[in-house]
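Presented below is the structure to which this report refers.
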Ligand code: FMC
């Protein structure tokens with residue numbers, strides 16, 4: 001489509017409407033843990049960037065490759081330079097989302113990873129959810145309007161065909177910076193009507209939202225927060241099998257997305 005003849009620029013809405021109709025080309029996966037990322041790296045034979053896209057000294061890692069007509073980028077925030085563990089949580093998630101958008105201008109972001117599930121809301125171990133809404137549960141600011149800003153609830157990019165074709169579960173995701181859950185967190189999670197909880201989703205949504213980049217959230221349940229086993233034990237026990245289920249679902253999602261535009265998802 002040519003720009004308007006009166007010399008004006010396209011409005012953001014017109015650009016967004018055009019993007020809806022063009023096949024998805026560049027995809028950015030934001031994945032917090034190496035063990036969640038590696039199955040996908042191997043499956044799509046992604047290679048690590050020798051010259052990092054990111055500023056020198058950042059531990060963030062980009063793997064990339066092509067699959068059919070898709071340019072796949074997988075961004076993993078790497079390991080903490082002091083503690084040597086994966087950079088999980090909202091800070092790294094929002095930083096890498098921001099940096100990837102700047103560097104790669106993706107058509108679609110996929111935030112994928114593990115999560116805790118609430119069996120009272122219908123979650124089971126190994127379920128893979130496509131998230132309908134995200135919010136925070138540990139940003140309590142009891143001042144009018146700041147309270148809603150803190151919760152930061154937002155709907156995700158609507159993908160009804162993807163949900164139906166892949167037969168995934170749909171549910172709301174609540175995000176906070178702790179693996180466990182304090183009584184205050186629990187009250188907020190209930191208020192958020194969440195079926196699953198993680199440590200990155202709402203932060204990725206926030207950063208992507210600043211630039212109106214469509215984002216989907218694919219989360220696989222490693223532990224039942226309202227189950228009988230301690231979260232950490234259950235998380236570690238199920239991590240391997242659950243990341244395999246997640247990898248398979250993400251591969252199916254790539255097959256579905258290939259050749260389609262946003263409005264067809
Ligand atoms: N609560 C919060 N996060 C997680 C969870 C739970 N019950 N189970 N799995 C996770 C995810 C988080 O998003 C982190 O990336 C990682 O797994 C745990 O450190």
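Under 13 Å from the mean Cα position of the chain (by Cα), in contact (Cβ under 8 Å) with a residue 24 or more places away in the chain, within 27 Å of residue 59 (Cα to Cα) and within 13 Å of the ligand (Cβ to nearest atom): is that true of residue 110 in this structure? In short, no. Selection of the range 33-52 for residues being under 14 Å from residue 87 (Cβ atoms) and either assigned to a strand (DSSP E or B) or in contact with a strand residue (DSSP E or B) (Cβ under 7 Å, 6 or more places away or on another chain) (or both) yields 33, 34, 36, 37. Would you confirm, using the coordinates I've provided, whether residue 96 is part of a strand (DSSP E or B) and within 16 Å of the ligand (Cβ to nearest atom)? When the stated conditions are applied, residue 96 does not pass them.
Restrict the check to the range 61-78 and report whether at least one residue is surrounded by 14 or more Cβ atoms within 10 Å (Cβ to Cβ) and either modelled with pLDDT under 95 or farther than 28 Å from residue 257 by Cα (or both). Steps first, answer last, please.
Here is the first cut: in the range 61-78, the ones surrounded by 14 or more Cβ atoms within 10 Å (Cβ to Cβ) are 61-65, 67, 70-78.
Within this subset, residues satisfying the condition of being either modelled with pLDDT under 95 or farther than 28 Å from residue 257 by Cα (or both) are none.
No; the residues of the range 61-78 include none that is surrounded by 14 or more Cβ atoms within 10 Å (Cβ to Cβ) and either modelled with pLDDT under 95 or farther than 28 Å from residue 257 by Cα (or both).
Filter the range 113-125 down to the residues that are crowded, with 18+ Cβ neighbours inside 10 Å and in a loop (DSSP other than H, G, I, E, B) and list them by number. 118, 123, 125, listed by residue number.
Yes or no, residue by residue, for (1) closer than 27 Å to residue 105 by Cα; (2) surrounded by fewer than 21 Cβ atoms within 10 Å (Cβ to Cβ):
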site: 145; (1), (2): no, yes
site: 149; (1), (2): yes, yes
site: 187; (1), (2): no, yes
site: 190; (1), (2): no, yes
site: 198; (1), (2): yes, no
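Among the numbered conditions (1) under 20 Å from residue 221 (Cα atoms); (2) away from the ligand (no atom under 16 Å from the Cβ), the only one that residue 142 does not meet is (1). On the stretch given as the range 53-89, residues that are within 16 Å of the ligand (Cβ to nearest atom) and either assigned to a strand (DSSP E or B) or more than 17 Å from residue 37 (Cα to Cα) (or both) total 7. The single residue among 249, 215 that is touching a helix residue (DSSP H, G or I) at 6+ places or on another chain (Cβ under 6 Å) and more than 10 Å from the ligand (Cβ to nearest atom) turns out to be 215. When residues in the range 71-91 are screened for being closer than 19 Å to residue 49 by Cα and under 14 Å from the mean Cα position of the chain (by Cα), 5 of them pass. Residue-level analysis places residue 28 outside the set of residues that are within 14 Å of the ligand (Cβ to nearest atom), in contact with a strand residue (DSSP E or B) (Cβ under 6 Å, 6 or more places away or on another chain) and either modelled with pLDDT of 95 or more or assigned to a loop (DSSP other than H, G, I, E, B) (or both).
For residue 224, the requirement of being buried (at least 16 other Cβ atoms within 10 Å of the Cβ), more than 14 Å from the chain's Cα centre (by Cα), within 13 Å of the ligand (Cβ to nearest atom) and within 21 Å of residue 127 (Cα to Cα) is met.
Consider the range 126-137 and keep the residues that are touching a helix residue (DSSP H, G or I) at 6+ places or on another chain (Cβ under 6 Å) and in a loop (DSSP other than H, G, I, E, B). The one that is surrounded by the fewest Cβ atoms within 10 Å (Cβ to Cβ) is 126.
Within the range 160-185, restricting attention to residues that are assigned to a helix (DSSP H, G or I) and within 16 Å of the ligand (Cβ to nearest atom), which residue is nearest to the chain's Cα centre (by Cα)? That would be 185. Can you tell me which of (1) assigned to a helix (DSSP H, G or I); (2) within 19 Å of the chain's Cα centre (by Cα); (3) more than 13 Å from the ligand (Cβ to nearest atom) is the one residue 241 doesn't meet? Exception for residue 241: condition (2).
The values are calculated or read from the model by the stated rules, or taken from the named source; none is laboratory data. The structure presented is a predicted model; accordingly, all values stated were derived computationally and were not measured. Backbone-built Cβ (ideal geometry, glycine too); neighbour counts: all protein chains shown.
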